[in-house]
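In what follows, a single structure is set out as structure tokens and then discussed.
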Amino acid sequence: MRTDRTQKYKLGFHLTRNNRITFLTGAGISAESGIATFRGESGLWEKVDVEKVATPEGFAENPKRAWEWYDSRRTTMKQCKPNKAHDTIAKLEKAGYDVVVITQNIDNFHRDSGSENVIELHGNIWYVRCTRGCGVWEDRTAPMPSLPPLCACGSIIRPHVVWFGEMLDESIVGAAYQRLFDTDLCVVVGTSGVVYPAAGFAEMAKANGAYVVEVNLERTPISSYADESHFGKAGEVLPVLFSEYIKSRADEKNI
Ligand code: BV8
């Protein structure tokens, strides 16, 4: 089923209280918060060479250059906040539905909006780690006083994120797979569906019986097998798709 911008967004899946709902989110869900996406016009990759700032080789070659990019993103993210799309997902979970968010984003906006069951595939921009193994810790300093930041041991600190060419954390991917094998409704929001392994997750959910709903501004590789695609802004589409479900459960719990 296809909806275009004129039709009212309607979920073609009858959601019941014990359905397992999994949201797969990408940079597009944070666009209305003021965070640039990676692809498309004015995308991040138009401005920087991904090889130089988001690969281990690029970081090793010039850690200051990579940190300048991350420090500017941290500073921007610090001034931005979750939008109605993040809030809708958090409200669905709070209303008592079984909701898990599997996100490619590192902006922490799902947690900031109140979602608790969040799987961060590619790490979190507010965590850093010593390149010599002293540990991983939260650091919300933005902008950083000096770049690259150094650990007490004298080694360079790096962002605790997954770069291109790096393996994802096995336990995190395992948790994502486990959820995708047993999902009733998979809602894919704001991802171009080109970066693996995340790009294969919706298809995996579908192969295991999930009803797949895509929310994006435009068609993506996921559109070809999604049960329905809603073309519009996530901050407008998600509240319309889910508000009646949130309300009905909230009325029951009179929250
Ligand atoms: C891996 C964290 C095993 C950092 C990111 C050759 C050598 C090595 C690896 C590979 C290779 N070829 C392929 C690979 C695998 C590679 C990959 O998939 N490459 C792609 C480019 C082909 N993957 C990896 O390397 C992964 N690791 O495979 O390990 C391995 C290891 C060694 C060798 C082989 C295999 C690790 C990938 C993780 C990279 N880290 N981020 C950081 O953020 O700084 S990726 C980063 O980009 C994001 O996390 C995300 O994953 C990706 C961006 O994708 P999206 O989120 O979809 O964002 P995008 O801008 O593309 O699209 C936005 C969408 O939103 C658009 O569709 C737009 O229309 C829509 N939109 C916009 N506004 C709105 C909206 N929708 C709704 N509402 C709106 N308002």
Exercise for review: Starting from the residue with the highest accessible area, list 211, 196 in decreasing order, probe 1.4 Å.
Suggested key: 196, 211
Exercise for review: Can you tell me the alpha carbon radius of gyration of region 71-219 divided by the globular rule-of-thumb value 2.2 N^0.38 Å?
Suggested key: 1.14
**Study point:** Segment residue 196-residue 147, extension gain: residue separation times 0.36 nm, minus the distance between their alpha carbons
**Key:** 14.6 nm
Check your understanding: How much net charge surrounds residue 60 when only other residues with a Cβ under 14 Å from its Cβ are counted (Lys, Arg +1; Asp, Glu -1)?
Key -> +1
Check your understanding: Which of 193, 250, 204 sits closest to the plus end of the dipole of region 164-254, meaning its Cα is farthest towards the positive end, when Lys and Arg get +1 and Asp and Glu get -1 on the C-beta?
Key -> 250
Check your understanding: Distance in nm between label sites at residue 171 and residue 16, each 7 Å beyond Cα in the beta-carbon direction?
Key -> 3.5 nm
**Study point:** Separation of alpha-carbon centers, region 164-195 and region 31-85, rounded to whole Å
**Key:** 21 Å
Practice item. Just read off the accessible area of residue 150 with the full protein assembly in place, 1.4 Å probe, to the nearest 10 Å². Key: 110 Å²
Study note, to complete from the structure: With DSSP loop assignment and no more than 14 other C-beta atoms within 10 Å, the chymotrypsin sites (Phe, Trp or Tyr not before Pro) in region 137-208 are 164, 181
Check your understanding: Stretched out fully, how many nm does the piece from residue 36 to residue 132 gain, at 0.36 nm a residue minus the Cα gap?
Key -> 31.4 nm
Check your understanding: Taking the Cα atoms only, what angle lies between the long axis of helix 63-78 and the longest principal axis of the chain, rounded to 10 degrees?
Key -> 40 degrees
Exercise for review: Treating each Cα of the chain as an identical point scatterer and ignoring solvent, apply the Debye formula and state log10 I(q)/I(0) at q = 0.07, 0.10 Å⁻¹.
Suggested key: -0.25, -0.50
Exercise for review: Take the solvent-accessible surface of the protein heavy atoms, probe 1.4 Å, and return the percent of it on the chain that carbon and sulfur atoms account for.
Suggested key: 53 percent
Point to revise | Candidate residues 37, 25: accessible-area rank, largest first, probe 1.4 Å | key: 37, 25
Review point. Whole-Hz Karplus ³J(HN,Hα) for region 175-185, in order, using 6.51 cos²θ - 1.76 cosθ + 1.60 and θ = phi - 60°, x for Gly and Pro?
Key: 5, 5, 4, 4, 5, 5, 6, 9, 10, 8, 10
**Study point:** Surface accessible to a 1.4 Å probe, residue 131 within the full protein complex, Å²
**Key:** 80 Å²
Review point. With charges only on Cβ, +1 for K and R and -1 for D and E, what is the dipole size of the chain about its Cα centre, in debye, rounded to 20?
Key: 500 debye
Revision key, fill the gap. Rounded to the nearest 10, the angle in degrees between the Cα long axis of helix 84-94 and the longest principal axis of the Cα atoms of the chain comes to 70 degrees
Review point. How much accessible area per residue does region 42-111 have, in Å², with a 1.4 Å probe?
Key: 43 Å²
Point to revise | Full-stretch length increase - residue 79, residue 64 - with 0.36 nm per residue and alpha-carbon distance subtracted | key: 3.1 nm
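The values are calculated or read from the model by the stated rules, or taken from the named source; none is laboratory data. Since this is a predicted model, take the numbers as computed values, not measurements. Backbone-built Cβ (ideal geometry, glycine too); neighbour counts: all protein chains shown. Calculation scope for accessible area: heavy atoms of the full protein, side chains included, ligands and nucleic acids excluded. Shrake-Rupley method; radii C 1.70, N 1.55, O 1.52, S 1.80 Å.
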